[in-house]
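One structure below.
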Amino acid sequence: MSLPTAVKIVEVSARDGLQNEKQFLDTAIKVELINQLSAAGFPNIEAASFVSPKWVPQMADGTEVMANITRRDGAIYSALTPNMKGFEAALAAGVDEVVIFGAASESFSQKNINCSIAESIDRFAPVAKAALDAGVRLRASISCSLGCPYEGEIPVQNVLDVVKRMHDLGVHEYDIADTIGVATPVKTARLMEAVAGMIPIEQMAGHFHDTYGQALANILASLQVGVSIFHSSVAGLGGCPYAKGATGNVATEDVLYMLHGMGIHTGIDLDQVVKTGAWVSEQLGRPTNSRAGKALFLKQSLSATNDEVSRTK
Ligand code: HMG
Ligand code: MG
């Protein structure tokens, strides 16, 4: 079994992680979170979402967030853009990559972006053209690829149909998303194999929510197929407002612990991410959802205490 030797992690906590928070968080907290993630070495950070503030009030300050972050050279800062209005705002804010986000389920498409799958592609077409004309990277997310909160099972063919339509728009990267975290590894591997039959595997990403505790297993199954891009969220924050009951994305700390333990390179400083996970959990006033984050933070705290004790001896 040959696994990828390096993986790109797209850190989504500042967008997917925070979008579902009921209490509006200060822009300064979002900026600090992104700055800490940049300093930890993430190659790609989902920083904002240019959607209707009536639909997702938490993401209303995307322009201010983008204006105040400290960018790390070479890192890609992405934002969700459902239509031209969102694209224009994202372009003005200076994002490096825009994300059109559709679904493999008709019901979820209606609930999330208020239109059918076919209508969503019509809305994405001018966004895709404008992004490519402006030299901005174009990513496409396909929600409910492995199950839908309204329709249940989603046929693989539905996912392939949407991938094909996104491909026709000139997309650079495709996020195969398990929005409600229901997938199991064999099913995930089968879907990834089917998608890899249509597009280069280097352009495929796995976006797993961890509702049923299957996300790491699904990442491993995807790695075995050859997928080398994964999305994760520090402290396991996250959830979609239009996918009731779905919990956060797989925790970045857990993913890094697994990948680094398998000798897979990410270029990210796990110790730093553990500190960020603890910091953001404190800001939100609740414990981390990351097992590795919790264990490693305890270890860091014990070693800091031991250092302090030996200094004062
Ligand atoms: P709509 O109501 O059908 O759109 O919403 P509309 O064109 O009729 O516009 C209605 C109002 O929204 C107008 O304002 C527009 O100006 C405004 P009004 O005249 O009423 O004052 N508007 C906007 N404002 C700011 N930015 C925009 C924008 N567009 C319209 N871009 C729309 C359609 C798509 C806009 C709406 O349904 C929406 O914003 N949905 C957001 C959905 C969302 O953000 N969901 C969470 C992200 S997806 C996700 O989490 C899944 C993912 O993680 C992968 C996975 O896990 O599956 C990516
Ligand atoms: Mg998501």
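Would it be correct to say that Val12 is within 16 Å of ligand 2 (Cβ to nearest atom) and out of contact with any Gly (no Cβ under 6 Å at 6 or more places or on another chain)?
The answer is yes for Val12.
Are any of the residues in the range 50-73 part of a strand (DSSP E or B) and away from ligand 2 (no atom under 16 Å from the Cβ)?
Checked the range 50-73: no residue is part of a strand (DSSP E or B) and away from ligand 2 (no atom under 16 Å from the Cβ).
Please pick out the residue among Gly17, Gly94, Gly41 that is farther than 22 Å from Thr266 by Cβ, in contact (Cβ under 8 Å) with a residue 24 or more places away in the chain and touching a helix residue (DSSP H, G or I) at 6+ places or on another chain (Cβ under 8 Å).
On inspection, the qualifying residue turns out to be Gly94.
Suppose we filter the range 223-259 for residues that are touching a Leu at 6+ places or on another chain (Cβ under 9 Å), assigned to a helix (DSSP H, G or I) and within 16 Å of ligand 1 (Cβ to nearest atom); how many remain?
Adding up the residues that qualify gives 3.
Could you list, in sequence order, all residues of the range 1-39 that are at pLDDT below 95 and among the charged types (D, E, K, R)?
Once the filter is applied, which keeps residues that are at pLDDT below 95 and among the charged types (D, E, K, R), the range 1-39 yields Glu21, Lys22.
Condition check ((1) among the hydroxyl-bearing types (Ser, Thr, Tyr); (2) within 21 Å of Ser290 (Cβ to Cβ); (3) open to solvent by less than 40 Å² (accessible area, probe 1.4 Å); (4) within 15 Å of the chain's Cα centre (by Cα)) across all residues:
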site: Gly147; (1), (2), (3), (4): no, no, yes, no
site: Asp161; (1), (2), (3), (4): no, no, no, no
site: Val195; (1), (2), (3), (4): no, no, yes, no
site: Ile219; (1), (2), (3), (4): no, yes, yes, yes
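Restricting to the range 16-49, name every residue that is part of a helix (DSSP H, G or I) and open to solvent by less than 20 Å² (accessible area, probe 1.4 Å).
The answer is Asp16, Gly17, Lys30, Val31, Leu33, Ile34, Leu37, Ser38, Ala40.
Please go through (1) of a type outside the set (Phe, Trp, Tyr); (2) open to solvent by 20 Å² or more (accessible area, probe 1.4 Å); (3) outside any helix (DSSP H, G or I) for Leu296 and return the number of the only condition it doesn't satisfy.
Among (1) of a type outside the set (Phe, Trp, Tyr); (2) open to solvent by 20 Å² or more (accessible area, probe 1.4 Å); (3) outside any helix (DSSP H, G or I), the lone unmet condition for Leu296 is (3).
Return a yes/no flag: does the range 147-167 have any residue that is part of a loop (DSSP other than H, G, I, E, B) and within 26 Å of Asp96 (Cα to Cα).
Taking every residue of the range 147-167 in turn, none turns out to be part of a loop (DSSP other than H, G, I, E, B) and within 26 Å of Asp96 (Cα to Cα).
Under 20 Å from the mean Cα position of the chain (by Cα), open to solvent by 30 Å² or more (accessible area, probe 1.4 Å) and within 16 Å of ligand 2 (Cβ to nearest atom) - does that describe any residue in the range 119-140?
Checking the range 119-140: not a single residue is under 20 Å from the mean Cα position of the chain (by Cα), open to solvent by 30 Å² or more (accessible area, probe 1.4 Å) and within 16 Å of ligand 2 (Cβ to nearest atom).
Those residues that are within 16 Å of ligand 1 (Cβ to nearest atom) and in contact with a helix residue (DSSP H, G or I) (Cβ under 8 Å, 6 or more places away or on another chain), I need them from the range 151-171; list them, please.
Glu151, Val159, Val162, Val163, Met166, Val171
So if I check each of Gly206, Gly226, Gly170, Gly238, which one is touching a residue at least 40 places away in the same chain (Cβ under 8 Å), surrounded by 24 or more Cβ atoms within 10 Å (Cβ to Cβ) and not hydroxyl-bearing (Ser, Thr, Tyr)?
One residue alone meets the criteria, Gly238.
Only one of these conditions is not met by Gln214: (1) closer than 21 Å to Val156 by Cβ; (2) open to solvent by less than 10 Å² (accessible area, probe 1.4 Å). Which number is it?
For Gln214, the exception is condition (2).
Listed residues Thr266, Thr252, Thr188; which is within 22 Å of Gly147 (Cα to Cα) and touching a residue at least 24 places away in the same chain (Cβ under 8 Å)?
Selected residue: Thr188, the only one of Thr266, Thr252, Thr188 that is within 22 Å of Gly147 (Cα to Cα) and touching a residue at least 24 places away in the same chain (Cβ under 8 Å).
The values are calculated or read from the model by the stated rules, or taken from the named source; none is laboratory data. These numbers come from a predicted model, not from an experiment. Neighbour counts run over all protein chains shown; Cβ positions are idealised from the backbone, glycine included. Heavy atoms of the whole protein, side chains included, go into the accessibility calculation; ligands, DNA and RNA do not. Shrake-Rupley method; radii C 1.70, N 1.55, O 1.52, S 1.80 Å.
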